[in-house]
Amino acid sequence: MKRRDFIKITAGGVAALALGSGLAPVFRRSEAYGAVGDATNFFLDIMEVEHEMVDGKLVYSWAYAVKESGVQVPSLPGPTLFVRQGSPVNVTLTNTMSDRPTGEAHGFAIFGKNGPIVQSAPLAAGQSTQFTIPGNLAPGTYMYEDWVNPPVGRVLGLHGVLVVMPAAPAGSPYELYPDTAPPVPGWTPYGILPNGHPVRELFNDLGQTAHFPGEPWLPSRQVIWVFSEVDPFFNELASTELIDAGDFQRNFLPQYFTVNGRSGYFSAEDHTHDTTHVHVDFNQPLSYILSGEMESALVGKVGQPILIRNVHVGLDTHSPHTHANHCYCVAVDGEVQDLNIDSNGFPVNGNPRNLGLWWWDTWTMLPGDRKDVLYPMMMPPDIPLETIERIRAGAWHPQLNPNGTQEYMVFDPNDTDGSSIEPLNVGHPPAAPTEFTHLAYPMHSHQEISQTAAGGNYPMGLIIHIMFTGLAPGV
Amino acid sequence: MSLPIIYRDPKQLANFGNHPDFFEHMKVFVDPPVWAGIPTPDFIQPDPNALLPDGITPRFAAANRRVNNQNREMTNDGVNTESVQFWGFFDDNEPGNEYRFPSQPIRLVEGQIFHGFLHNTSIGGRHTIHWHGMEPTSHNDGVGKLSMEVGSEGYEYQWLASAAGTYFYHCHRNTVLHFEMGMYGMLIIDPQNPNLRAGRRPRRNELVAPYAFGGPGYVRRGNDIVPYDVEAIWVSDDVDPVWHGLSHNQWLSTPKTEPDGDNDAQGNDLGVKFTSVNRLDSKGLHNFNPQYFCISGVPHPWTKLDVLPVEVDENLAFLSPIPATVAPGQTLLVRLLCAAYSLNRYTFEGLDVEVIAMDGRVMGQTPYTRYSAPFKIPAGVPFELTAARRFDLLIRPTSSQVGSHRVLVEFQDHITKVNMGIAETFINVVQPARGRGRGEGPNR
Ligand SMILES: [Cu+2]
Ligand SMILES: [Cu+2]
């Protein structure tokens, strides 16, 4: 196979481009806030990009892009779209790819349990179409993807997430999103659920019962984890040839494993704030976050629960495992978990959505799966009480340095009240044997092949860090 | 024409201007420090006389482990065998037990504080122990780059066994390879016998946790602690013999000692040397081709045998033989762990199974799991697990179910979902021999 010229751009050449011009504005907004989109005129393009792998290899890929002030800004995953329930979004989709192999077309679709919710026309290079994402979607997590010649387009980069946030009752004092407490009793990420519903019970308990001291779940405390893989062989092939979906699925052998388009150090340490916070204005009908600005890490105090929206767009089997806390499964494939088990022990209607909120440390992500899980950010339960008392007494000062990567702390075994303990700003390795990192943990796919890059290079795969930065009031 | 680039580092974490200590930081990410002979920072001195509030369970428990390797006979047809190298954790106090895969299990009582000492002897280099499902401080969590790897002088892990259930422990260095090499063992946390918890005077032959492997014992179900008669611990695992010939740092990223100008697209030196393995190289850690399919260390079809072949070492696996035998009216507890990289599909033929816990968390227990409840999976209906997930199952066969019931594990390729192999075993429901009791568990 012939390598395309653009794959041979030298690192130096690209560096000069990047540093000389400053990074493209999309990747480095001064405030890492999501942008507000125009829900009646939202422009989405399909384009070709280079995707830089964790080892520096540039891989030809496809991406959705947003037009911001007339400038085409690519995003891989595509822009995470946050819409407020009740607000339809009119999308103009344009395929701006160069002359593709004859017959190749791309599109956009959102699939629900019973078929497509939205499906665009197929677009050859240069073509454009319009469609509407309806405003009546139930609150939850959706995946959008290139539906033409599936799953090739999706796996090669044409994928993204749509989050539908619930609307509070119109005219209520909670009509606008506060970010200090749930706006109305029974309020959850899925709207107001009936009394006794297990998801309502869980969200009611957070920060309000003895077993979950701290704060309630806040709408901004959520992350999106899009899992995917890259087999550069097919990316390169796609630059010149139409790919047969059957060949693709039979021969796909990924060498890079990504979460939100990044791997290894850059997915693990992917945060620039001391608290997990999607910077989105939920009062707008449409906001979006570009891939360069996604915050993937779980960061916060004990007692600040975080909702994780898992979406798997690749073809591998993943088994995400969180350290330090188990996760409650609250929604699967866009449906909220409920608890309705008959007297024989079987789920009502045979529906596994009736089997309750499992409390997992590891869950399964098959291609196309969507799972919303709640990471309670509780005090890791297997820390002995004696240690917890020392933590409460101050033997714990983890902090973030100005660019958001974690600092390390001294944990002195001779120090009983924590008075001598100071945070460090020197990273590893520690200067003295009594220094330890503290309360920083990973999430990784336990299908450990996913922890590699380019055939080895552990731990440069699908990994995220979890950092406890202190104690919320009342913990 | 050059295309726009989606950077691996859009926030420029590697930019020295933003992050002066990045180079050191990245070094640790790929090559954590080895700390040997360092005390556990929050170590709690064990008091041999201290008891839990039940007044009978010692407050402290301990185990020690060293690392070694061994060769094991693998088969996939019961006729042809291949000697395959495994690595594992061994108990210093049991020097005779070299032939164990999975590694020697650990069993504790809910509420105990555990001290687990790890040191290396036979395999050079470093390892860690992550106590999967246990949630301690990060320096006791066994993830190298977030604390340290353990060298020859060892480290003593410490945590509280807060919740009864099914867990496992495994090495977390170059985990993709070390886990596949067999560096894992079961970790079971038992609830204390409810009669003893209630302060009743123990009867003759009263069970006291931790219980014997194989049963009988007690397990949490919802808010109750219920007895079981027979325990089966079934770990599904797939073995790629090519990987078992790799060295223990194979394909690991290595840190640079200083910046060498090999920069990324944004002009930063990551401080790491990447190796690149050919796409179709069978030794690549992206290219997993399992040939042997095991339950608890025994390769199929030996998983079906009640007596292992004579040429196989009797210490082949800690829980062999694999088939479970239970009488009508008795309760069988199955602890399932998926230790495979394949997608595993399990079918229990002829018997409904009740799922009472997942990942060491009982369903329907106040307060933390009051949002769920135990449920049943009908006989013959398959369910799937992926790496590291655990299900605890209760099976209560009736007298109309006397017979041999197949348990099937299908191993599907993690990418194509094509079936790569199977492992089969049985649940044998048999009437007890005359004079050996009524088939009831103790204390009913
Ligand atoms: Cu190891
Ligand atoms: Cu694990």
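Looking for something over 18 Å from B:V334 (Cα atoms) and open to solvent by 10 Å² or more (accessible area, probe 1.4 Å) - is there at least one such residue anywhere in the stretch B:174-191?
Looking through the stretch B:174-191, none of the residues is over 18 Å from B:V334 (Cα atoms) and open to solvent by 10 Å² or more (accessible area, probe 1.4 Å).
Can you tell me which residues in the stretch B:224-242 are away from ligand 2 (no atom under 16 Å from the Cβ), surrounded by 22 or more Cβ atoms within 10 Å (Cβ to Cβ) and within 13 Å of chain A (Cβ to nearest Cβ)?
B:D238
Quick one: which strands (runs of 3 or more DSSP E) lie wholly within the stretch A:55-116 and hold at least 2 residues that are touching a residue at least 24 places away in the same chain (Cβ under 8 Å) and within 14 Å of another protein chain (Cβ to nearest Cβ)?
Passing ranges, in order: A:58-68, A:71-75.
Please pick out the residue among A:N325, A:N344, A:N351, A:N340 that is away from ligand 1 (no atom under 16 Å from the Cβ) and open to solvent by less than 10 Å² (accessible area, probe 1.4 Å).
Only one candidate passes the filter, namely A:N325.
Sort out which residues of the stretch A:297-309 are part of a loop (DSSP other than H, G, I, E, B) and within 16 Å of the chain's Cα centre (by Cα), and write them in order of number.
A:A297, A:P305
If B:N263 meets every condition in (1) free of Cβ contacts under 8 Å to residues at least 24 places away in the same chain; (2) touching a helix residue (DSSP H, G or I) at 6+ places or on another chain (Cβ under 6 Å); (3) open to solvent by less than 30 Å² (accessible area, probe 1.4 Å) apart from one, which number is that one?
Checking B:N263 against (1) free of Cβ contacts under 8 Å to residues at least 24 places away in the same chain; (2) touching a helix residue (DSSP H, G or I) at 6+ places or on another chain (Cβ under 6 Å); (3) open to solvent by less than 30 Å² (accessible area, probe 1.4 Å), the one that fails is (3).
Scan the stretch A:258-296 for residues that are within 21 Å of A:S445 (Cα to Cα) and either of a type in the set (D, E, K, R) or in a helix (DSSP H, G or I) (or both) and jot them down.
Those that are within 21 Å of A:S445 (Cα to Cα) and either of a type in the set (D, E, K, R) or in a helix (DSSP H, G or I) (or both): A:R262, A:G264, A:Y265, A:F266, A:S267, A:A268, A:E269, A:D270, A:S291, A:E295.
Report yes if some residue within the stretch B:239-257 is aromatic (F, W, Y), within 30 Å of A:G264 (Cβ to Cβ) and in a loop (DSSP other than H, G, I, E, B); otherwise report no.
For the stretch B:239-257, residues aromatic (F, W, Y), within 30 Å of A:G264 (Cβ to Cβ) and in a loop (DSSP other than H, G, I, E, B): present.
Kindly provide the set of residues from the stretch B:135-177 that are more than 16 Å from ligand 1 (Cβ to nearest atom), touching a residue at least 40 places away in the same chain (Cβ under 8 Å) and polar (S, T, N, Q), ordered by number.
Those that are more than 16 Å from ligand 1 (Cβ to nearest atom), touching a residue at least 40 places away in the same chain (Cβ under 8 Å) and polar (S, T, N, Q): B:T137, B:N140, B:Q158, B:S162, B:T166.
Might you check whether a residue that is within 16 Å of ligand 1 (Cβ to nearest atom) and hydrophobic (A, V, I, L, M, F, W, C) occurs anywhere in the stretch B:66-74?
The answer is yes; a qualifying residue exists.
Condition first: modelled with pLDDT of 95 or more and more than 12 Å from chain B (Cβ to nearest Cβ). Now tell me which residues in the stretch A:248-274 satisfy that.
A:V259
Given the conditions (1) hydrophobic (A, V, I, L, M, F, W, C); (2) open to solvent by less than 10 Å² (accessible area, probe 1.4 Å); (3) at pLDDT 95 or above, which single one is not true for A:W359?
Going through the list (1) hydrophobic (A, V, I, L, M, F, W, C); (2) open to solvent by less than 10 Å² (accessible area, probe 1.4 Å); (3) at pLDDT 95 or above, A:W359 breaks only (2).
Can you name every residue in the stretch A:350-378 that is out of contact with any Cys (no Cβ under 9 Å at 6 or more places or on another chain), away from ligand 2 (no atom under 16 Å from the Cβ) and free of Cβ contacts under 8 Å to residues at least 60 places away in the same chain?
A:G350, A:N351, A:P352, A:R353, A:N354, A:L355, A:L366, A:D369
Can we say B:L333 is modelled with pLDDT of 95 or more, surrounded by 23 or more Cβ atoms within 10 Å (Cβ to Cβ), touching a Lys or Arg at 6+ places or on another chain (Cβ under 6 Å) and not in a loop (DSSP other than H, G, I, E, B)?
no
Only residues that are in contact (Cβ under 8 Å) with a residue 24 or more places away in the chain, assigned to a loop (DSSP other than H, G, I, E, B) and open to solvent by 20 Å² or more (accessible area, probe 1.4 Å): list them for the stretch A:238-254, please.
Within the stretch A:238-254, A:T240, A:E241, A:L242 meet the criteria.
Quick one: B:M186 ticks every box in (1) assigned to a strand (DSSP E or B); (2) within 16 Å of ligand 2 (Cβ to nearest atom); (3) of a type outside the set (S, T, N, Q); (4) within 14 Å of chain A (Cβ to nearest Cβ) except a single one, so which number is it?
(4)
When the stretch A:295-310 is examined, which residues are found to be within 13 Å of chain B (Cβ to nearest Cβ) and open to solvent by 10 Å² or more (accessible area, probe 1.4 Å)?
The answer is A:E295, and nothing else.
Across the stretch B:137-168, what is the number of residues that are at the interface with another protein chain (Cβ under 8 Å from one of its Cβ atoms), within 15 Å of ligand 2 (Cβ to nearest atom) and at pLDDT 95 or above?
Of the residues in that region, 1 qualify.
Does the stretch A:101-109 include one or more residues that are open to solvent by less than 10 Å² (accessible area, probe 1.4 Å) and not hydrophobic (A, V, I, L, M, F, W, C)?
yes
Tell me, yes or no, whether the stretch B:102-112 has at least one residue that is within 12 Å of chain A (Cβ to nearest Cβ), among the charged types (D, E, K, R), more than 16 Å from ligand 2 (Cβ to nearest atom) and not in a strand (DSSP E or B).
Yes, the conditions are met somewhere in the stretch B:102-112.
Just to be sure I understand, how many residues within the stretch B:388-409 are part of a loop (DSSP other than H, G, I, E, B), within 14 Å of chain A (Cβ to nearest Cβ) and touching a strand residue (DSSP E or B) at 6+ places or on another chain (Cβ under 6 Å)?
Adding up the residues that qualify gives 2.
The values are calculated or read from the model by the stated rules, or taken from the named source; none is laboratory data. The shown structure was predicted, so the numbers you read here are calculated from the model rather than taken from an experiment. Please note: Cβ atoms are built from the backbone with ideal geometry, for glycine as well, and neighbour counts cover all protein chains shown. The area values use the complete protein model at the heavy-atom level, side chains included, leaving out ligands, DNA and RNA. Shrake-Rupley method; radii C 1.70, N 1.55, O 1.52, S 1.80 Å.
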